[in-house]
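Chemist: The structure under discussion is supplied below as structure tokens; questions concerning it will follow.
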Amino acid sequence: MVAIGCLALLIFPILGLIAGGLYAGRSGAEWGAAIGFALALAISGAMSWALIKAAHRR
């Protein structure tokens with residue numbers, strides 16, 4: 001679970017950068033990377049929350 005959150009921090013901004021660049025040029029690439037990073041932070045936070053919650057149950 002932790003690996004998914006960490007990999008998302010690298011993969012989603014790059015995918016957003018590429019998709020935004022293809023769709024709307026440089027400005028779109030910047031927005032795409034920012035949205036990808038925000039999505040990656042949300043996924044990473046959710047994975048961390050689930051890990052902490054699972055650890056407290058024991």
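Chemist: For residue 50, which of the numbered conditions (1) more than 14 Å from the chain's Cα centre (by Cα); (2) surrounded by 14 or more Cβ atoms within 10 Å (Cβ to Cβ) fails to hold?
Modeler: With (1) more than 14 Å from the chain's Cα centre (by Cα); (2) surrounded by 14 or more Cβ atoms within 10 Å (Cβ to Cβ) applied to residue 50, the lone miss is (2).
Chemist: If you go through the stretch 27-58 one residue at a time, how many are touching a helix residue (DSSP H, G or I) at 6+ places or on another chain (Cβ under 8 Å) and among the β-branched types (Val, Ile, Thr)?
Modeler: Residues that pass the stated criteria total 2.
The numbers here are math on the coordinates, done by the rules we state, and not lab data. What you are looking at is a predicted structure, and each value in this text was computed from that prediction instead of being measured. Neighbour counts run over all protein chains shown; Cβ positions are idealised from the backbone, glycine included.
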